[in-house]
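In what follows, a single structure is set out as structure tokens and then discussed.
The values are calculated or read from the model by the stated rules, or taken from the named source; none is laboratory data. For clarity, every value in this text was computed on a predicted model and none was experimentally measured. Because the Cβ atoms are built from the backbone with ideal geometry, glycine has one as well, and the counts that use them run over all protein chains shown.
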Amino acid sequence: MTIAQLDEAITQCTACPRLVAWREEVAVVKRKAYIDQEYWGKPISGFGSDKPRLLIVGLAPGAHGANRTGRIFTGDSSGDWLYGSLHRIGIAKIPTSTSRTDGQKLRHTRINTAVRCAPPDNKPDTPERDMCAPWLTREIELTLPTVRAFVGLGSFAWNALIKTLRELGHPIPAVKFGHGAEYTYSHGGNDYLLIASYHPSQQNTFTGKLTHEQLDTVLEKAARFSSAIWQ
């Protein structure tokens with residue numbers, strides 16, 4: 001399977017009844033600000049390079065962001081923060097991500113999520129997390145020939161990322177989540193960096209728990225380690 005084939009398969013998934021019902025309801029009811037727009041209303045695949053050096057993992061698509069636009073971290077505040085940071089450090093072509101046709105491109109980087117459908121209240125349950133896990137596993141398998149740094153945005157993504165890498169044979173101990181938490185290790189003749197950031201959700205950015213400088217620092221460290229940007 002190629003990345004393109006995986007992306008297509010993800011968008012066809014109907015494995016979790018609660019998530020299917022929710023994402024489709026949101027796409028019909030819509031938010032007033034987007035009432036004239038056609039929502040995507042399907043699972044969201046990864047975005048970026050198919051041979052990334054840096055892999056960024058988030059929680060799940062936003063109900064009126066990615067679930068509306070069809071691209072991960074696109075069309076909402078979290079996306080503004082993430083792509084803005086990636087632009088500042090030299091990864092993203094433009095500082096915003098508003099639609100699938102806005103011309104955004106990522107340098108040697110790919111973004112995905114642990115769960116591929118927008119969940120109610122941004123909270124997938126444990127069976128949904130486990131049902132969706134094979135998509136993350138397969139995507140990491142396909143990118144391992146090139147990827148050297150992983151960023152987990154939030155504790156949910158951090159734990160899913162560690163669990164997946166362990167299942168793929170990577171020697172990672174229990175690393176407690178915290179902003180800037182990191183672990184470097186060697187496996188299969190390659191060196192890897194695993195690093196965490198608070199998720200750029202409004203809950204974290206509006207309260208000042210996550211600042212632009214904090215996010216930039218984590219992403220730039222991962223980018224430089226992986227040579228997604230040069231030293």
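So the values come out like this:
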{"quantity": "Check on T69, crowded, with 24+ Cβ neighbours inside 10 Å and of a type in the set (S, T, Y)", "calculated": "yes"}
{"quantity": "Residue within the range 40-60 that is aromatic (F, W, Y) and either part of a strand (DSSP E or B) or out of contact with any Pro (no Cβ under 8 Å at 6 or more places or on another chain) (or both) present", "calculated": "yes"}
{"quantity": "Hits in the range 1-37 (condition: surrounded by 12 or more Cβ atoms within 10 Å (Cβ to Cβ) and among the polar types (S, T, N, Q))", "calculated": "T11, Q37"}
{"quantity": "Residue among L165, L215 that is closer than 22 Å to I91 by Cα and at pLDDT 95 or above", "calculated": "L215"}
{"quantity": "Pair list, Cβ < 6 Å and 6+ apart or interchain, from the range 159-172 residues that are in contact (Cβ under 8 Å) with a residue 12 or more places away in the chain to residues that are aromatic (F, W, Y)", "calculated": "L161/F150; P171/Y185"}
{"quantity": "Enumeration of residues in the range 99-137 that are among the aliphatic types (A, V, I, L, M) and part of a loop (DSSP other than H, G, I, E, B)", "calculated": "A114, V115, A118"}
{"quantity": "Segments classed as helices (runs of 4 or more DSSP H), wholly inside the range 138-231, with at least 3 members that are surrounded by fewer than 18 Cβ atoms within 10 Å (Cβ to Cβ)", "calculated": "155-167, 212-226"}
{"quantity": "Some residue of the range 91-109 being under 15 Å from the mean Cα position of the chain (by Cα), surrounded by 19 or more Cβ atoms within 10 Å (Cβ to Cβ), among the polar types (S, T, N, Q) and under 20 Å from A157 (Cα atoms)", "calculated": "yes"}
{"quantity": "P95 under 29 Å from K163 (Cα atoms) and in a loop (DSSP other than H, G, I, E, B)", "calculated": "no"}
{"quantity": "Matching residues in the range 110-132 - criterion: being buried (at least 16 other Cβ atoms within 10 Å of the Cβ), more than 30 Å from I229 (Cβ to Cβ) and either of a type in the set (G, A, S) or free of Cβ contacts under 8 Å to residues at least 60 places away in the same chain (or both)", "calculated": "A118, R129"}
{"quantity": "Cross-chain or 6+ apart pairs with Cβ under 7 Å, the range 53-66 first and within 15 Å of I91 (Cβ to Cβ), then in a loop (DSSP other than H, G, I, E, B) and hydroxyl-bearing (S, T, Y)", "calculated": "R53/T146; R53/S227"}
